[in-house]
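Working notes, structure below.
Please treat every number below as a calculation from the coordinates, not as lab data. Please read these numbers as outputs of a predicted model, since none were measured by experiment. A quick note on method: Cβ atoms are made from the backbone with ideal geometry, for glycine too, and the neighbour counts reach across all protein chains shown.
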Amino acid sequence: MGPTCRESGVRPMISPAKIVLEALVLVAALVYCRELPETRNRRFVLGFTALTVILNSLFYYFAVWPFFLSSGVSRSDLQFLVIFDVLKWGVLAYFLSGFAARVADAGFGGGFALLQSERRLGSTVLIGIFAGVAAIAAGYVLSLVEYRMGFLEALPWPFMKDNPGFIKLGLWGGFRNLAGEEILARLGAQSALLYALRKTRGASILAILLSSLFFELWHNGFTELYFLNFTASCAFGWAYGVRGYESAAIAHAVADWLGIVILPRLLF
C-alpha cells in the first residue's frame, strides 16, 4: 500500500527476500507461458512497460530521492536504488503483463480491461475507487484493533502526519502504483495462481487470498507481519477479478492517497 514508518532506508525497498519472491513469480510466469498461446497484444505490452518505467522514474526522483536524502542515505546508494529498481519494474512489467494477457485470453480470468471490449471504463474506475476506499478503511480498523491488542507498538498513521516527506511519497506513490506493485501482485502472483489452480474449485478466491499473502510477505520481508497489506491486497485482488488490472491499480492508488496523504492529516 505504500511505505510504512520503518521504510525510510534503502534496504526495505530492495532486499534479498523481495528479490527472491519477485524472481519466483517471474520464473513461474515464464514457465506457464510455455503452455499458453502467444498474446496478440505485443504493442500494448510495450506501451505498458514504457508507462511503468516513466511512472517509477517520476516516483523515485520526485518523492524517494528527497525523502531518502533527508534521512541520511548517500547519493551513491540512491543512484543504485533508482537505476536498479526502475529497470527491475520495467522487466517485471514486460514479462508479467504479457503473461497475464495470455492467461486472460485463455479464459482463466484477470488481464486488462482495456483489452476486453465487454469491460466498460466507467465501471472499471468506480469499482477501483470503491475497492481503494474499502482497502484503506479495513486497514485503518485492523491497525487500531492490533494496536489496542498490543500487536502494534505504535500506529503508523500519526508518524506519516508528522513527517512531511510522506506527503510526496503518498502522492507520487499513488501515481506510481498505477503501474507498480500491482504488476507483481496481480499480473504476476494472482494470474499465476489463477492458472495454476484452474482445475480447483474456488480458484478465484484462493488466488486472491494466496496472492494477498504473497503481497504481505513481499511488502514486509517476512518481518512485522501484521496483515495490513494482506487486508488491502484482498480488496485489490477482488477488483482485479471483477474488472481487471486497471481497477486494481486505481484501487491501490486511491488507497495510497487516502491512507498516506489525506486521512492521517484529518484523523490524527
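Kirkwood analysis of the Cα pair distances in the chain returns a hydrodynamic radius of 18.5 Å.
Among the GluC sites (Glu not before Pro) within segment 131-185, those in coil by DSSP and having at most 15 neighbouring Cβ atoms inside 10 Å are Glu153. Loop-located trypsin sites (Lys or Arg not before Pro) across segment 42-103 with a Cβ neighbour count of 11 or fewer within 10 Å are lacking, with loop assigned by DSSP. Helix 245-256 axis versus longest C-alpha principal axis of the chain: approximately 10°, rounded to the nearest ten. Given in Å, the Rg to one decimal and the Dmax to the nearest whole number for the Cα atoms of segment 49-127 are 17.1, 50. When the Gaussian network model of the chain links Cα atoms closer than 10 Å, the mean-square fluctuations of Phe99, Phe230, Phe80 top out at Phe80. Looking at segment 165-241, the trypsin sites (Lys or Arg not before Pro) that sit in a DSSP loop and have at most 16 other Cβ atoms within 10 Å of their own Cβ are Arg198, Lys199, Arg201.
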